[in-house]
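Accompanying notes for the structure given below.
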Amino acid sequence: MNYISKIKTRIKKIAIAKRRGANATTLHVEIAKNEKAKKQDVVFLLPGGPGADHSSDVKRSSELADIATLVYMDPRGCGASEKSLNPTKDYTMDNYIKDVEEIRRQLGYKKIVILGTSYGGMVAIGYVLKYPQHVKKLILVSTAPSYRYLPYAKRKLKEIGTKEQITLAKKLWSGTFVNEHELNEFFVKFAPLYSLKAAKEKHNTSFKPGLVCREALNLGFKSFLREFDYESRLSKIKCPTLILAGTHDWIIVPHNAKIMAKKIKHSILQIYHSGHSVGIDVHDKYIADIKKFLSSKSKTI
């Protein structure tokens, strides 16, 4: 289907008022809609990182606009959203969750589908637990329900990583990247671990400065990614949930997906022959399974 010619994209600047624990800011939001489609779901796509902008979501998921209105966002400090003078205060997981709710409220959507990838999936879990009345369906991709994913990631890296990768990862675990050059080096060297496609094609494209907000990434690995824990509350998620994971994901091993599938009653688990970048490695299956899930009223796809 030639969906591209039917899709209209609007750019919105969403002003977020100052609240306890967060300064006022302006967030970049893009709404992609198939103008010829009938009534359709609204899918909020939550980027990961911490620190990623919406560009990866466009690359992975734009075909979903065939059947849904897509709402892309750049979290605080990321992409085209406003930078903060106080990142430690503003770039937290809690603020990300509350900002998603403020965007939903200002755009006037009563119920939304949440699609969160990696760190974005952690935020998605937090959102549905805090605002269950506004979530129709939940899609969790290459993500985890608690800080317990970190020891598994470190162990996996010791098994499959090179000495250089293991050394570079110390800056990730400690949240101590000091400049764009160090971020560039990390993502270039780790590209084959994140994606089987990248490993096969040796596609080590240089990291573009500004693609990831260094301050947000550092803060996450220094603080809240070591502390967040939704595992005991997963059973409270009542909406239909699709969980996607990769067999070769090094940083969020599929064990995490199995935990979520076991504890979320109305869930479907799909584990692909893929790395962390499910939407890249098995793109066609990824799109087909999500479309089927969005279109289906049943618990299976």
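The values are calculated or read from the model by the stated rules, or taken from the named source; none is laboratory data. Note that the structure is a prediction, hence the values are computed from the model and not measured. Heads up, the Cβs are rebuilt from the backbone with ideal geometry, glycines too, and the neighbour counts pull from every protein chain shown.
Summary table
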| read-out | value |
| --- | --- |
| Index of the failed condition, SER56 passing every other in (1) modelled with pLDDT of 95 or more; (2) out of contact with any strand residue (DSSP E or B) (no Cβ under 7 Å at 6 or more places or on another chain) | (1) |
| Flag if GLY161 is under 29 Å from PHE293 (Cβ atoms), surrounded by 14 or more Cβ atoms within 10 Å (Cβ to Cβ) and touching a residue at least 12 places away in the same chain (Cβ under 8 Å) | no |
| All helices (runs of 4 or more DSSP H) inside the range 73-155 with 3 or more residues being in contact with a Leu (Cβ under 6 Å, 6 or more places away or on another chain) and under 26 Å from LYS170 (Cβ atoms) | 119-130 |
| Which numbered condition LEU193 fails, given (1) assigned by TED's automatic domain parsing to the domain that holds ARG60; (2) in contact with a helix residue (DSSP H, G or I) (Cβ under 8 Å, 6 or more places away or on another chain); (3) buried (at least 22 other Cβ atoms within 10 Å of the Cβ) | (1) |
| Residue ID - farthest from GLU182 (Cα to Cα), chosen from residues in the range 222-252 that are without any contact (Cβ under 8 Å) to a residue 60 or more places away in the chain and in a helix (DSSP H, G or I) | SER235 |
| Enumeration of residues in the range 278-301 that are modelled with pLDDT of 95 or more and assigned to a loop (DSSP other than H, G, I, E, B) | VAL282 |
| Residue within the range 86-99 that is in contact (Cβ under 8 Å) with a residue 40 or more places away in the chain, farther than 19 Å from ILE14 by Cα and among the basic types (Lys, Arg) present | yes |
| Some residue of the range 253-264 being more than 20 Å from ALA68 (Cβ to Cβ), in a loop (DSSP other than H, G, I, E, B), touching a residue at least 24 places away in the same chain (Cβ under 8 Å) and not small (Gly, Ala, Ser) | yes |
| Residue check for ALA37: in a strand (DSSP E or B) and either closer than 23 Å to MET122 by Cβ or over 15 Å from the mean Cα position of the chain (by Cα) (or both) | no |
| Matching residues in the range 240-281 - criterion: being of a type in the set (Val, Ile, Thr) and in contact with a Gly (Cβ under 8 Å, 6 or more places away or on another chain) | ILE271, VAL278 |
| Candidates TYR96, TYR109, TYR131, TYR119, filtered to the one that is under 16 Å from the mean Cα position of the chain (by Cα), in the same structural domain as ASP53 (by TED's automatic domain parsing), over 23 Å from ILE287 (Cα atoms) and not small (Gly, Ala, Ser) | TYR96 |
| Answer from LYS18, LYS36, LYS8 - the residue that is in the same structural domain as ALA80 (by TED's automatic domain parsing), of a type in the set (Lys, Arg) and over 22 Å from ILE290 (Cβ atoms) | LYS18 |
| Tally, over the range 60-88, of residues that are within 13 Å of the chain's Cα centre (by Cα) and surrounded by fewer than 24 Cβ atoms within 10 Å (Cβ to Cβ) | 2 |
| Hits in the range 238-292 (condition: of a type in the set (Asp, Glu) and either surrounded by 21 or more Cβ atoms within 10 Å (Cβ to Cβ) or closer than 22 Å to GLN165 by Cα (or both)) | ASP249, ASP281 |
| Checklist (1) of a type outside the set (Gly, Ala, Ser); (2) surrounded by 20 or more Cβ atoms within 10 Å (Cβ to Cβ); (3) closer than 24 Å to LEU70 by Cβ applied to LEU183, failing item | (3) |
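Conditions tested, residue by residue: (1) in contact with a Pro (Cβ under 6 Å, 6 or more places away or on another chain); (2) of a type in the set (Gly, Ala, Ser); (3) touching a residue at least 40 places away in the same chain (Cβ under 8 Å).
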{"site": "ARG20", "(1), (2), (3)": "no, no, no"}
{"site": "ASN23", "(1), (2), (3)": "no, no, yes"}
{"site": "LEU27", "(1), (2), (3)": "no, no, yes"}
{"site": "LYS36", "(1), (2), (3)": "no, no, no"}
{"site": "LEU46", "(1), (2), (3)": "no, no, yes"}
{"site": "GLY49", "(1), (2), (3)": "no, yes, yes"}
{"site": "ASP57", "(1), (2), (3)": "yes, no, yes"}
{"site": "ARG60", "(1), (2), (3)": "no, no, yes"}
{"site": "GLY79", "(1), (2), (3)": "no, yes, yes"}
